[in-house]
Amino acid sequence: MLKNKVMGCKGASLALAGMMVLGAAGAQAQGLGNSPYSRIGLGDFNANTGGVRQMGMGGVGLAAPNSVNINELNPALLYYTGRTTFEAGFNGQYKTVKNAAASNRSGNGNLGYLALSVPLSTKWGAAVGLKPLSTVDYESNILQDVTGTASAQVLKQYKGTGAISEAYLGQGVRISKALTLGFTASYVFGTVDETTGTTVIINNSTATLERSVERQHVRYSDFGFRAGAHYRQKLGKELNMNLGGVYSFGYNLNGQQTNTQERQDVTSGAQLIPATIVSDTRGSSYVPALAQVGVSFDNDKNWSLNLDVAQQQWSKFRSFNSTGPALNNTLRFGLGGELTPDPGSVEHYFQRVSYRAGISLAQMPYQPSGKALYDRSVSWGFGFPLPTATALDATTISLAFTYGVRGNTDVLNSTLGTSNVQESYIRGQLGITLNNRWFIKRRLQ
């Protein structure tokens, strides 16, 4: 266990100081490694950045139509999925989390998302799917001196696990030759468990150590909605411009929050005093609105260049009890592109491979000591079409990777020994896309 002595502080610094010393525990099953920032708000929030194709381009694609991959990032683009398409993504991550005094490494992998898109007519496409909305995954320990005595210390242990997901139904409809509109309805659900353990350690004492544990279990379920639009304009013989916009409406995410207390033997983990329910109430957390706009250029053949901007109103976030540091509105910028040298090449397989790259800069909603924190990343990816493709079906294996740095290790209070947290991560995603032409009208001979 990594240790550091802190005495506490106030405001936003207090919440972050509570995560300054990182436990050495491994990753939890639902997350992708210990992430101290997931302790705040709804956790590590997925700001509608799409699937494996978009990840390889820096999380952009609001205005980038594609007939192979499912682009549910903007529901208006579902119209462009010409064949019935199934897509699954699998995530992996390895990260290093550190502050000014200690560091911790962790990693994990899990199922990223599932999606199925079906063209319902020549002007109408729809998709159903399951994807993550946010993840809570952290563990930290703080060793504090007891004021007025040198023989006692208090060990605070914080741990959180859980995830919130959304199952969605999206539809995209062609309104005119250049304009498509889309709408997505989601069922949002999940659970988050957080515990705080307090142990008083008396130096040179042989007494049995006891830990007081406070547990909070929240079960969420509600509905969310998203609307999108896409406009495509030809600028020249081999140049097109696309404009896209998506608005995810803010909503109250209703849930049931249960708080319990118990006392444990530190050595054996046995309960000394059974868990007692302190409160069991219904309430809600407000998921703030997210506005996204994008522009892209392509030649309708083998390349595209994309720029996306997103803004989310985290200053309006409220939880069950409105505790924790105030959050701030965020901005995110992404720039990325895709190139397939020769999609129809027969002799050279790697001419048919899609190559992707992108960069991203995003504000984080936390501002300790009034200073903004950022998530900076670079991404790259590939789309490998299997050579067994026919006019009726095709399979594509996609890979995407992201290297990024979140936050910094700036000292918040030199007297108390507190500092910010920095996460350096490498993420990978494997995507499998199956395209098949359904509902073919057979001709009678």
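The values are calculated or read from the model by the stated rules, or taken from the named source; none is laboratory data. Keep in mind that this is a model prediction, so the values were computed, not measured. Ideal geometry is used to build each Cβ from the backbone, glycine not excepted, and the neighbour counts take in all protein chains shown. Heads up: the accessible areas ignore ligands, DNA and RNA and are worked out on the full protein's heavy atoms, side chains in. Shrake-Rupley method; radii C 1.70, N 1.55, O 1.52, S 1.80 Å.
Modelled this way, with points 7 Å down the Cα-to-C-beta line, the labels at Ala152 and Arg105 are 4.0 nm from one another. Here each label is just a point 7 Å from Cα along the line to Cβ, and for Ala47 and Leu235 those points are 2.5 nm apart. Taking only Cα atoms and a 10 Å spring cutoff, compute GNM fluctuations for the chain and point out the largest among Asp393, Asp298, Asp137. Highest fluctuation among the options: Asp393. In this structure the chain gives 47 Å² per residue of accessible area when probed at 1.4 Å with all protein chains present.
Helical content of the chain, expressed as a calculated mean residue ellipticity at 222 nm, amounts to -500 deg cm²/dmol (DSSP H runs of 4 or more residues, -39,500 (n - 2.57) each, divided by residue number, nearest 500). Extension gain, Leu331 to Asp280, is 14.8 nm, computed as 0.36 nm per intervening residue step minus the present C-alpha separation. Among residues other than Leu430 with Cβ under 13 Å from its Cβ, the summed charge is +1 (Lys and Arg +1, Asp and Glu -1). Rounded if a/c is under 1.5, else prolate if a/b beats b/c, else oblate: with a ≥ b ≥ c from the C-alpha gyration tensor eigenvalues square-rooted, which is the range 190-287? Since a/c reaches 1.5 and a/b is larger than b/c, the shape of the range 190-287 is classed as prolate.
Keeping the other protein chains in place, figure out the carbon and sulfur percent of the accessible area of the range 288-363, with a 1.4 Å probe.
Carbon plus sulfur share of accessible area: 59 percent.
Entry note, the range 100-195: relative contact order of 25 percent, from Cα contacts under 8 Å with a spacing of 6+ residues.
Want the number for Ile397 to Arg219: 0.36 nm per residue separation, take away the alpha-carbon distance, what's left?
Contour length minus Cα-Cα distance gives 60.5 nm.
Across the range 364-369, computed HN-Hα scalar couplings (Karplus, 6.51 cos²θ - 1.76 cosθ + 1.60, θ = phi - 60°) run 9, x, 9, 10, x, 6 Hz from first to last residue, x flagging Gly and Pro.
Relative contact order of the chain, please, whole-number percent, based on alpha carbon pairs below 8 angstrom and at least 6 residues apart.
Details: 1361 pairs, mean separation 80.1, N = 445.
Relative contact order of the chain: 18 percent.
With the highest mean first, a sort of the peptides 239-250, 161-172 on other beta-carbon atoms found within 10 angstrom per residue produces 161-172, 239-250.
Between Thr122 and Leu361, the modelled labels are 4.6 nm apart [label points 7 Å from Cα along Cα→Cβ]. Under 10 Å, Cα contacts only: if you run a Gaussian network model on the chain, which one of Ile273, Ile201, Ile426 comes out with the highest mean-square fluctuation? The residue with the greatest mean-square fluctuation here is Ile273.
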